[in-house]
Amino acid sequence: MKYITFENGDKLPMLGLGTWKSAPGEVYQAVLWALEAGYRHIDCAAVYKNEKEVGDALTKAFKDGLVKREDVFVTSKLWNNAHERDQVQVGFNQTLADLQLEYLDLYLIHWPVALRSHVMFPEKGADFLDHAAAPLSETWAGMEALKKEGKVRHIGVSNFNQSKLEEILSSCEIKPEMNQIELHPYLPQQKLVSFCRSHQINVTAYSPLGSADRPSARKKANDPVLMQEQVFQEIADKHGKTVAQILIAWSLHRDVAVIPKSVNKDRIIQNLESADIRLDGSDMEAMSNLKTKHRYIDGTFFTEVPGSPYAQSDLWEKA
């Protein structure tokens with residue numbers, strides 16, 4: 001297993017279990033299977049609506065002696081309706097209670113988009129807080145307070161482009177330590193990854209397999225299917241592995257953490273085995289120079305709401 005080592009010496013296993021789209025009734029067992037298989041990195045978020053069940057699994061694992069708390073790296077994310085400085089603590093406390101933990105290893109701002117405290121998903125312009133009402137600097141100050149209090153060991157962001165990172169970097173006391181973004185061979189985001197590295201911001205890849213099980217509202221008829229790309233199958237055959245394992249290994253070879261989701265025991269184990277794959281230069285070149293370019297999670301569910309104060313340029317790099 002490869003690790004990201006933080007300035008204080010904490011180590012993040014670069015291959016973790018993602019829990020987005022893991023339904024209640026499934027995620028509990030998935031987390032236990034993952035810990036039994038050797039995973040020591042679990043990625044969560046309040047908006048996934050399954051943190052209580054993840055917490056039940058972690059509690060059982062600790063109680064049964066399967067793992068110790070200090071051996072498991074747990075990440076969660078602040079949802080958009082808790083961006084006001086006094087709401088950051090509220091959102092965090094709920095996540096900590098649901099996960100049944102005394103502290104988090106890593107806490108991320110989920111999106112650079114702010115909603116009113118009673119709104120989970122926006123339907124109209126009035127559901128949002130604009131940049132002036134909820135500036136990122138204030139949200140980040142709330143995150144910094146959590147770290148200073150020792151409730152979170154590391155803080156970072158998710159779905160932040162270069163300009164939004166620069167906005168935080170221009171006024172922060174504590175720099176973001178992670179940016180979790182959609183990354184796969186159809187969306188390598190090399191410029192953003194390079195920017196993050198130049199500022200000592202680590203990177204985690206979500207949807208590394210193309211998120212084929214994303215909600216139907218997030219799908220378009222002409223979306224390409226990442227897992228069906230022929231070059232990946234050829235590389236998988238060459239190494240005697242699955243396409244999914246090759247895609248996970250691609251992120252690891254870029255020194256990017258990666259969090260594939262599964263609730264299938266065999267796939268959970270297979271995904272972890274990706275850490276042992278050694279892709280060669282020709283494999284990486286073939287996977288990094290594809291004609292198809294595509295983003296599966298495009299954020300239009302925030303930017304196309306009538307009256308939204310947010311644009312695509314608030315989320316992604318300019319073309």
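The values are calculated or read from the model by the stated rules, or taken from the named source; none is laboratory data. Bear in mind the structure is a predicted one, so any value in this text is a computation, not a measurement. FYI the Cβ positions are ideal-geometry reconstructions off the backbone, even for glycines, and counts take in every protein chain you see. We work out accessible area using only protein heavy atoms, side chains counted, and drop any ligands, DNA or RNA first. Shrake-Rupley method; radii C 1.70, N 1.55, O 1.52, S 1.80 Å.
Over the chain, accessible surface divided per residue gives 43 Å², non-protein components excluded, 1.4 Å probe. Taking square-rooted eigenvalues a ≥ b ≥ c of the alpha carbon gyration tensor, is segment 98-221 rounded, prolate or oblate, where a/c under 1.5 means rounded and, failing that, a/b exceeding b/c means prolate? Because its axes are fairly even, with a/c under 1.5, segment 98-221 counts as rounded. Students often get this wrong, so check it: of 238/265; 11/68; 68/261, which have C-alpha atoms separated by over 20 Å? Cα-Cα > 20 Å for 238/265; 68/261; rest within. Simple rule: put +1 on each Lys or Arg Cβ and -1 on each Asp or Glu Cβ in the chain, find the dipole, and look at 18, 162, 110; the Cα lying farthest toward the positive end is 18.
Beta bridges from DSSP with both residues in the chain: antiparallel share about 20 percent, rounded to the nearest 5. Cα centroid separation, segment 20-52 to segment 264-319: 21 Å. Secondary-structure-derived ellipticity at 222 nm for the chain, considering helices only, amounts to -10000 deg cm²/dmol, per-run term -39500 (n - 2.57) for DSSP H runs with n ≥ 4. The residue among 139, 1, 247 whose Cα reaches farthest toward the positive pole of the charge dipole of the chain, with charges on the beta-carbon of Lys, Arg, Asp and Glu, is 247. Considering only protein heavy atoms and a probe of 1.4 Å, how much of the accessible area of the chain is carbon and sulfur, as a whole percent? After summing per-atom areas, the C and S share lands at 48 percent. Residues considered: 56, 64, 127. Largest GNM mean-square fluctuation over the chain, using C-alpha springs under 10 Å, is found at 64. Neighbours of residue 98 by Cβ distance under 14 Å: Lys/Arg scored +1, Asp/Glu scored -1, total -1. Close lysine pairs were tallied over segment 79-211: pairs 8 or more places apart or on different chains with Cα atoms under 29 Å apart number 11. Taking packing as the residue-averaged number of other Cβ atoms within 10 angstrom, the listed peptides 93-99, 12-18, 146-152 run from highest to lowest as 12-18, 93-99, 146-152. The lysines whose alpha-carbon is closer than 20 Å to the alpha-carbon of residue 63, local same-chain residues fewer than 8 away aside, are 52.
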